[in-house]
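The structure under discussion appears below in the form of structure tokens.
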Amino acid sequence: MALKTILNYSPNFNSKKRTYKKIKFIIFHYTGMKKESEAINRLTNIQSEVSSHYLIKKNGNIVTLVPDLYEAWHAGKSSWKNYKSLNQNSIGIEITNPGHEHGYKKFKQKQISSLLKLTKSLIKRYNILPKNILGHSDIAPQRKKDPGEKFPWQYLSKKNIGVWHALKDKQELIKNRKLKINEEEEAFFYKNLFKIGYSKKKPLNINRVKYSRELVKAFQRRFRQELVNGKIDQECLLISKNLVEEFK
């Protein structure tokens, strides 16, 4: 049975159609605006030059903004592994949430239920791998924080949506939290991040130290959500080692 969505088409997309095979990724976002109505207006306003393929509203309703086979403008300047400008190869899903600037909230269960249905449908249709389901902050760490540390990545990974580390001993992880690493371990951590898929190439408008810190925060928002401080510790190192295997 086809997934029921509300149609509210956005004019913000590339008119050239792409093939099914071109679609490799799903990217999750939050709207990051105070009001849902404002977010919808922005995503459908030709002057904003912003859109996504789908929006999941507070009540769980799914809105189709751009048909799948057209490039929506949701990822911006972005990269992951060997892919650049991920709009070309992805489907973008926005979820109503005020975001970090307007009182970031936990995502509603209705939203997550709808996200599960929608994402599973897209995975099946385009044969998308779990490791290719990412957050906006994964592909643009210097610019974006969404969907953020309240997004239930671990829960979704149990449904084969996205990837989570396989370290089961929570106490062991907590024991390593805030434990310092040496220079060699720091270099190893960044190597792991680049193997996972985070971009090694620093954007021109940010210095290396700041970019490295934002990279660590993006990793933490995704895989160590209890503490997002931009500092690499032994817990982060352990998780990164494990994830290299998961993202092969």
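What to note about this one:
- Rounded Å value of the spacing that divides the Cα centres of the range 3-76 and the range 100-163: 15 Å
- Full extension of the segment from GLU38 to GLU185, taken as 0.36 nm per residue of separation minus the current Cα-Cα distance, would add 48.4 nm.
- Ellipticity estimate at 222 nm from DSSP helix runs (n ≥ 4, -39,500 (n - 2.57)) divided over the chain, nearest 500: -10500 deg cm²/dmol
- Partners for LYS202 among aspartates and glutamates (Cα-Cα distance below 17 Å; same-chain residues under 8 apart left out): ASP138, GLU214
- Here the chain is treated as a sphere whose radius is the Kirkwood value from Cα pairs; by Stokes-Einstein at 10 °C and 1.306 mPa s it diffuses with a coefficient of 86 µm²/s.
- Under a model in which nothing but the beta-carbon of Lys, Arg (+1) and Asp, Glu (-1) is charged, the chain shows a dipole of about 360 debye around its Cα centre.
- Placing R0 at 25 angstrom, the Cβ-Cβ distance between ARG18 and LYS120 gives a FRET efficiency of 0.70 after rounding to 0.05.
- You can think of it this way: the chain between LYS241 and LYS106 has 45.7 nm of extra reach, that is 0.36 nm per residue less the Cα-Cα gap.
- A crude spin-label estimate for the pair LYS81 and GLN225, with each label 7 Å from Cα along the Cβ direction, gives 2.4 nm.
- Cα gyration tensor, the range 48-153 - rounded (a/c under 1.5), prolate or oblate: rounded
- Aspartates and glutamates with Cα under 19 Å of LYS34, excluding same-chain neighbours fewer than 8 positions away: GLU94, GLU101, ASP146, GLU149
- Charge context of GLU246, other residues only, Cβ under 13 angstrom, K/R +1, D/E -1: +4
- Residue-normalised convex hull volume from the C-alpha trace of the range 170-246: 89 Å³ per residue.
- Note on ASN127/LYS168: beta-carbon distance plugged into 1/(1 + (r/R0)^6) with R0 of 41 Å gives a FRET efficiency of 0.90.
- Ordering PHE223, PHE188, GLN171 by Cα displacement along the dipole of the range 170-246 toward the positive end leaves PHE223 in first place; charges were set at the Cβ atoms of Lys, Arg (+1) and Asp, Glu (-1).
A short reminder: the numbers here are calculations on the coordinates, not readings from a lab. All values reported here derive from a predicted model rather than from experimental measurement. FYI the Cβ positions are ideal-geometry reconstructions off the backbone, even for glycines, and counts take in every protein chain you see.
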